[in-house]
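These notes are about the structure you will find just below.
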Amino acid sequence: MGLQSDPFHPEQVDEYIENVTQNVQTRAPKQEQDIQLVQRLQVYYAKRKEEDILERAWKQIVQRYEKATFISSENAQKFVECSQQERLLPMKQAIEADTLSMPSQGKLSLTQRIGLFAALLLIVLLVGSLAVMLTMSHTNHLAPSVAVSHSSASPFQSITLSDSINQTNPASSMSSFTVGQPVWFVCTLNVQVTGFNTLTVKWYENGSLVATNTSGQRGTPHLAANVALSHTFTVPGNGEVEVLWNGQLVKTLTFSVKA
Amino acid sequence: MKQSCPATLDRSQLAQLYHKLAPKILRSVQRQVSSAQDAEDILIEVFVAALESASFASLSEHDQQAWLWRVAQNKVIDIYRRGHKRPSLTDQFDDSSLEEISSDPEWISIQHEEVDHLAQLIGRLPPLQQQVLHLRFSENLRCAQIAAKVGKQESSIRALISRALKRLRQYHQEQEKGGHDYGLTE
């Protein structure tokens, strides 16, 4: 084919593509197939470009989603902490009231000082026993398959999977969920945990990693801190949760997801 | 003292919504804003706004879609306001027509087949020819610009594109005749 007859000739191919792009009338009817080829290429590359944009945008949206989910799980944790504080508030108020009604220390007699010390000791014992009772209550409600031993090495008092969280009652342990149902990972940290730690929960769908939640957790020496993180599975099959404490795998939980 | 847990959009619901609406919203936005980056940013902002909305998760699916379209429209108007321009009436969102075309299963099937077929043919081209075709059609660069980008003469780029298009034409003609010989000899 000569220069004039073949639109794909090197000397005019660039201009030809541009003309087709701009919908400029081309010369001969026999070039219809060539026009179609260029148009198809334009559609093909536009579609690929669109897919790239959609994929990039989706990644960013998912990042924002995970951030939002993380904040939401922090809120869930705050529920528990708030309710614990609310339970202890009357006691604190009683102590504060006692303190305010007390005369200045310099004017206390020996008998008054001994009485005050005994009262404080009693309050400390009461708070301590209440904490122990709450801890025992939590442990008794846990399923044996997911309860974590209370050894000094484990940062967890309990780990459980449930379909809901409740700020006052322990979550009921479940090993079977359905597609679209939120799976809540709920754990209670040991009272010995102090300092700043990270808790990572990895969610697997049929062996594939589908989500990772990471939560910074400041230990609370005298109150069990609770963490709740959730994920919703989109396909039926086997689910798995890996629990990492400061980057170290400490527990793997398995469950089934039904259609 | 009590805090209420905010209603959050489930990830699978978000994925379904995105899969269903994002391509349409992106195309509509692309028709109205000149910058591809602006269109991408608007798409992200629309879905992030849905995530951040306290009421979005509680809306019905129909209302969620309407909500997303409205936010997209407002974001486009914001872009025009910043640029002191006004979108033309012909460029306004027309999601109803998009819905009609894109939801037709037959149309989608034909489109996917064509794209797959072309992808197969392009995949048979040498890598350099694939690269220049990508730059010419996807990035919309002229031969001189591609030459500057890849460090070659403009004439070489023209020759590469010419060869690539001739091969694609040849493959296509052979397939139409029912032939299966896609020899790659120069």
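Using amide H atoms built in the peptide plane, which far-off residues or other-chain residues are under 5 Å from A:Ser230 H to H?
Hits under the 5 Å cutoff: A:Phe185.
Roughly how many nanometres apart are two label points built 7 Å out from the Cα toward the Cβ at A:Glu11 and A:Lys59?
4.5 nm
Roughly how crowded by other chains is peptide A:14-22, in terms of the mean Cβ count from those chains within 10 Å of each of its Cβ atoms?
For this peptide, the per-residue mean of nearby foreign Cβ atoms is 3.
Using label points projected 7 Å from each Cα along Cα→Cβ, tell me how many nm separate A:Ser129 and B:Ser12, to one decimal.
Simple spin-label model gives 4.9 nm for this pair.
What net charge do the residues around A:Val43 carry, taking every other residue with its C-beta under 13 Å from that of A:Val43, with Lys and Arg at +1 and Asp and Glu at -1? Intermediate results must be reported in sequence, preceding the final value.
On the way: positive: A:Arg40, A:Lys47, A:Arg48, A:Lys49, B:Arg27; negative: A:Glu50, A:Glu51, B:Glu113, B:Glu114, B:Asp116.
Net local charge, A:Val43 excluded: 0.
For the pairs B:Lys24/B:Lys177; A:Lys59/A:Lys202; A:Lys49/B:Lys177; A:Lys47/B:Lys75; A:Lys49/A:Lys258, note any where the Cα-Cα span goes beyond 25 Å.
Numbers: B:Lys24/B:Lys177 36 Å; A:Lys59/A:Lys202 18 Å; A:Lys49/B:Lys177 31 Å; A:Lys47/B:Lys75 23 Å; A:Lys49/A:Lys258 37 Å.
Too far apart for the 25 Å limit: B:Lys24/B:Lys177; A:Lys49/B:Lys177; A:Lys49/A:Lys258.
When Cβ neighbours within 10 Å are restricted to other protein chains, what is their mean count per residue of peptide B:17-29?
Per residue, the number of nearby Cβ atoms from other chains is 2 on average.
Can you tell me the relative contact order of region B:105-176? Whole percent, Cα pairs under 8 Å, sequence separation 6 or more. Walk me through the numbers on the way to the answer.
Details: 35 pairs, mean separation 21.1, N = 72.
Answer for region B:105-176 is 29 percent.
To the nearest 0.05, what FRET efficiency results for B:His117 and B:Glu52 with a Förster distance of 45 Å applied to their C-beta separation?
With R0 = 45 Å, the Cβ-Cβ based efficiency is 0.60.
Determine, for each peptide in A:116-127, B:58-69, the mean count of other beta carbons within 10 angstrom over its residues, then list the peptides with the highest first.
Descending mean neighbour count gives B:58-69, A:116-127.
Which FRET efficiency value, to the nearest 0.05, do you get for A:Thr254 and B:Glu139 by plugging their Cβ-Cβ distance into 1/(1 + (r/R0)^6) with R0 = 45 Å?
Efficiency, from the Cβ-Cβ distance: 0.40.
At A:Glu66 and A:Asn23, where each label point lies 7 Å from the Cα along Cα→Cβ, what is the point-to-point distance in nanometres?
Calculated label separation equals 4.4 nm.
Read the figures in this text as sums done on the coordinates, not as results from a lab. Just so you know, these numbers come straight off a predicted model, no measurement behind them. Positions of Cβ are backbone-derived with ideal geometry, glycine not excepted, and every protein chain shown enters the neighbour counts.
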